[in-house]
Amino acid sequence: MKFLGLMTGCILLSGCATGYQAYTWSGGYKDKVLGEKHFLVEYYGNGTTSIEMLNLFWQTRADELCPNGYDVVDENKGKTDGGIFLGGVTAIDHPWLKAEIQCK
């Protein structure tokens, strides 16, 4: 019985991590066409997404949109101002990365 409870807990917790995906309530990519071969690419993580994974996911989406390579035109990356506050003390950051790219 303890094993079943442990497995259920692990499954529920694993659903919290943002994987590579289109944007949903738990994060993911968004992109917008700004012109011919010109995109705004955004990737939103959650409290469990590392900066390294965020960069990897953003680059993966940029590579899908521009398979022959791209130049970053304008970059704006950081973290949201808010986040989820637990007990009014601890904030969980929600990292994001946004950049305009021009395909080669």
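A few notes on this one:
- Subset tally (residues that are without any contact (Cβ under 8 Å) to a residue 12 or more places away in the chain and at positive phi) for segment 36-81: 0
- Residue list for segment 47-60, restricted to those being surrounded by fewer than 19 Cβ atoms within 10 Å (Cβ to Cβ) and either part of a helix (DSSP H, G or I) or not β-branched (Val, Ile, Thr) (or both): Gly47, Ser50, Ile51, Glu52, Met53, Asn55, Leu56, Gln59, Thr60
- Condition check for Asp63: at pLDDT 85 or above and in a strand (DSSP E or B): no
- Yes/no for Gly5 being at pLDDT below 95 and loosely packed, with under 12 Cβ neighbours inside 10 Å: yes
- Among the residues listed as Gly78, Gly19, the single one being modelled with pLDDT under 90 and in a strand (DSSP E or B): Gly78
- So Glu100, is it at pLDDT 90 or above, surrounded by 14 or more Cβ atoms within 10 Å (Cβ to Cβ) and acidic (Asp, Glu): yes
The values are calculated or read from the model by the stated rules, or taken from the named source; none is laboratory data. Quick caveat: nothing in here was measured; it's all calculated off a predicted structure. Reconstructed Cβ throughout: ideal geometry from the backbone, glycine too, with neighbour counts over all protein chains shown.
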